[in-house]
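Take a look at the structure set out below.
The values are calculated or read from the model by the stated rules, or taken from the named source; none is laboratory data. Predicted, not measured: the structure shown is a model, and the values here were computed from it. Cβ atoms come from the backbone with ideal geometry, glycine included; neighbour counts cover every protein chain shown. These area figures cover heavy atoms from the full protein model, side chains too; ligands, DNA and RNA do not enter into them. Shrake-Rupley method; radii C 1.70, N 1.55, O 1.52, S 1.80 Å.
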Amino acid sequence: MKLQQLKYISEVAKHDLNVSQTASKLFTSQPGISKQIRSLESELGVNIFKRRGKHLTEITPAGKAILDLTSEILENVESIKQIAEEYADSNKGALSIATTHTQARYVLPDVIEKFIAKYPEVTLNMHQGTPVQISELASKGTADFAIATEALELFTNLVMMPCYHWNRSVVVPNGHPLTHSNKLSLEQLARYPIVTYVFGFTGRSNLDRAFDSAGLKPKVVFTASDADVIKTYVKLGLGIGIIASMAFDKSNDSELTVIDASHLFEASTTKIGFKRGTYLRGYMYEFIQMFAPHLSKELIDTALATADNRELDTLFTKINVPSY
């Protein structure tokens with residue numbers, strides 16, 4: 001049994017049993033992969049995949065169990081490489097971050113600037129996507145860290161740590177009637193067309209719950225995953241915008257007035273997550289602490305040692321998480 005064979009069956013499973021796509025991804029030949037899979041099956045005495053002619057059609061029950069163990073083996077191999085790299089040169093490597101537009105545009109720039117200044121030989125890669133896509137990237141190990149507000153809890157193999165609480169603001173064109181209100185109410189907001197985040201993005205679920213609890217149905221006329229897009233359409237007069245307060249930029253949004261709405265909605269929590277069992281290199285700890293200073297190395301290690309998300313949640317109920 002060879003590691004290469006395990007890698008082949010793992011990648012074939014990830015590519016929906018398409019050997020041709022797998023060969024292209026791994027820069028090798030389709031017949032070579034097929035031969036190695038057959039050789040492994042012959043050695044083990046069981047079929048990992050069912051076939052119709054030359055095509056793989058299904059993973060066998062034995063194959064599913066083998067693939068589960070293969071995933072653990074390949075993860076451990078990657079951890080061994082990370083350990084070796086850490087001791088060979090702790091200041092060189094790569095860091096992959098998956099996050100949303102709001103985090104990438106409004107929260108992370110200062111952190112990344114400091115990080116690059118301290119670790120100029122660490123290559124940073126950023127992936128942007130939906131919270132589900134972000135969490136999935138971390139869950140599969142494609143990204144080292146996922147930073148998001150929604151969907152991280154859907155993946156039970158992620159260690160999720162709270163970074164900060166945040167709330168919302170309403171943005172309207174200068175001179176809008178709401179700018180004369182002493183204190184906004186949900187009833188006032190419900191009278192206007194609303195431009196806000198797509199469901200599942202940037203704390204949108206808390207916004208919907210607030211209106212539902214008040215028995216109100218907001219007139220959401222336009223949604224986007226990007227706060228800058230939301231503000232653009234507010235400027236065009238499409239409606240009032242509800243965005244993360246951090247996404248208002250005084251210098252670039254001079255045509256808009258921002259109104260605090262934190263009293264109307266439950267605060268949301270942005271978390272950083274990584275795959276359980278991940279070997280964290282020194283600069284990875286450093287990145288987490290730059291982003292969320294209250295997450296000490298000791299606390300991160302304690303979080304890594306938890307058995308499941310219930311134990312993890314219990315740990316962080318005792319921690320004072322700052323507000324943005």
Placing +1 on each Lys and Arg Cβ and -1 on each Asp and Glu Cβ in the range 243-324, then taking the dipole about the Cα centre, the residue among 279, 243, 322 whose Cα reaches farthest towards the positive end is 279
Distance between the C-alpha centers of the range 130-164 and the range 45-107? Whole Å please.
15
Counting other Cβ atoms within 10 Å, which chymotrypsin sites (Phe, Trp or Tyr not before Pro) in the range 128-206 have at most 15 and lie in a DSSP loop?
199
Run through the DSSP bridge list for the chain and note the antiparallel percent, rounded to the nearest 5.
55
Sites excluded, GluC sites (Glu not before Pro) in DSSP loops with at most 12 other C-beta within 10 Å, longest stretch of the chain
122-254
Can you run phi through the Karplus equation (6.51, -1.76, 1.60; θ = phi - 60°) for the range 234-246 and list ³J(HN,Hα) in whole Hz, with x for Gly and Pro?
5, 4, 7, x, 6, x, 8, x, 10, 9, 4, 4, 5
Set of lysines with alpha-carbon distance to residue 50 below 19 Å, sequence-local pairs under 8 removed
7, 14, 35, 64
For Cα pairs less than 8 Å apart in space and 6+ apart in sequence, what is the mean separation divided by the residue count of the chain, i.e. the relative contact order in percent?
20
List every residue whose amide H lies under 5 Å from the amide H of residue 150, counting only residues 5 or more places away in sequence or on a different chain, with H placed 1.01 Å from N in the peptide plane.
202, 203
So how exposed is residue 269, as accessible area in Å² (1.4 Å probe, rounded to 10)?
30
May I ask you to rank 249, 16 by accessible area, largest first, using a 1.4 Å probe over the protein chains only?
16, 249
Once normalised by the length of the range 1-158, the mean sequence separation of its alpha carbon contacts under 8 Å that are 6 or more apart gives a contact order in percent of 17
Accessible area of residue 56 in the full protein assembly, 1.4 Å probe (Å², nearest 10):
30
List the trypsin sites (Lys or Arg not before Pro) within the range 237-307 that DSSP assigns to loop and that have no more than 14 neighbouring Cβ atoms inside 10 Å.
250
For the range 55-61, Karplus-derived ³J(HN,Hα) couplings (6.51, -1.76, 1.60; θ = phi - 60°; whole Hz; x for glycine and proline) come out as 9, 7, 10, 6, 8, 6, x
Can you send over the carbon and sulfur percentage of the accessible area for the chain, probe radius 1.4 Å, protein chains only?
51
The long-range amide H neighbours of residue 124, using H built 1.01 Å from N in the peptide plane and a cut-off of under 5 Å, are 95
At a probe radius of 1.4 Å, what is the per-residue accessible area of residue 313, in Å² to the nearest 10?
80
For the chain, what does -39500 (n - 2.57) per DSSP helix run (n ≥ 4), summed and divided by total residues, give at 222 nm, in deg cm²/dmol to the nearest 500?
-12500 deg cm²/dmol
106, 324, reordered so the largest accessible area comes first (probe 1.4 Å):
324, 106
Calculate the FRET efficiency for residue 38 and residue 89 from the Cβ-Cβ distance with a Förster distance of 30 Å, rounded to the nearest 0.05.
0.15
